[in-house]
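Q: One structure coming up, written as structure tokens, with questions to follow.
The values are calculated or read from the model by the stated rules, or taken from the named source; none is laboratory data. On a predicted model such as this, the values are computed, not experimentally measured, just so you know. Methodologically, a virtual Cβ is constructed for each residue, glycine included, from the backbone with ideal geometry; neighbour enumeration extends over all protein chains shown.
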């Protein structure tokens with residue numbers, strides 16, 4: 001990561017705020033923009049107020065199902081993602097690295113909007129024994145996995161971080177009240193991408 005990547009992120013955030021239909025996501029993107037303007041290395045965990053993270057929202061080939069991990073520490077179903085390393089080549093490749101490490105998925109179908117942010121979220125992380133409470137400024141990218149959801153051998157889960165990894169139909173998750181608004185936002189975005197049926 002370097003100054004050029006931060007410039008690239010500013011451009012991505014500007015584009016995202018211009019096209020996003022979600023006021024919450026736009027607000028989050030503006031918070032990220034302000035954060036990276038005042039912090040020298042906003043992706044580094046040493047920044048006590050918070051840091052950038054990268055997440056992957058992973059759909060199957062039909063784009064009707066999404067991958068979710070059951071996070072061991074948080075005891076919640078979440079999308080893959082995590083911290084950004086100094087040697088990550090881009091924000092998207094950081095998300096892809098986390099995705100591969102946490103799920104074992106490796107093959108993806110290119111999409112026209114791969115270069116764009118899919119969603120932006122800012123959320124609080126509670127204090128732990130080795131770090132104070134802080135914020136995650138989460139950059140979220142869409143991936144379409146080139147995999148059959150019935151292939152049970154497709155996943156290789158990092159057992160240190162996750163209890164389980166599964167495909168879930170988007171229509172099922174849309175009615176799941178246990179998921180937060182930050183997840184429902186991405187579910188709704190994904191459902192809008194599904195091909196419409198019944199038209200002549």
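Q: Being assigned to a loop (DSSP other than H, G, I, E, B) and at pLDDT below 90 is the filter here, so list the residues in the range 147-176 that pass it.
A: Narrowing the range 147-176 to residues assigned to a loop (DSSP other than H, G, I, E, B): 147-151, 155-161, 174-176.
Once the filter is applied, which keeps residues that are assigned to a loop (DSSP other than H, G, I, E, B) and at pLDDT below 90, the range 147-176 yields 147, 148, 149, 150, 151, 155, 156, 157, 158, 159, 160, 161.
Q: (1) outside any helix (DSSP H, G or I); (2) touching a residue at least 24 places away in the same chain (Cβ under 8 Å): which one isn't true of residue 40, the others all being true?
A: With (1) outside any helix (DSSP H, G or I); (2) touching a residue at least 24 places away in the same chain (Cβ under 8 Å) applied to residue 40, the lone miss is (2).
Q: Please go through the range 11-26 and pick out each residue that is surrounded by 14 or more Cβ atoms within 10 Å (Cβ to Cβ) and not in a loop (DSSP other than H, G, I, E, B).
A: First, the residues of the range 11-26 that are surrounded by 14 or more Cβ atoms within 10 Å (Cβ to Cβ): 12-13, 15-17, 20, 22, 24-26.
Result: 12, 13, 15, 16, 17, 24, 25, 26.
Q: Let me ask something additional. From the list 53, 62, which residue is surrounded by fewer than 17 Cβ atoms within 10 Å (Cβ to Cβ) and closer than 29 Å to residue 104 by Cβ?
A: Details: 53 fails: surrounded by fewer than 17 Cβ atoms within 10 Å (Cβ to Cβ).
The unique qualifying residue is 62.
Q: While we're looking at this one, here's another question. State yes or no: is residue 63 touching a helix residue (DSSP H, G or I) at 6+ places or on another chain (Cβ under 9 Å), in a loop (DSSP other than H, G, I, E, B) and modelled with pLDDT under 95?
A: Working: touching a helix residue (DSSP H, G or I) at 6+ places or on another chain (Cβ under 9 Å): yes; in a loop (DSSP other than H, G, I, E, B): yes; modelled with pLDDT under 95: yes.
So residue 63 passes the test.
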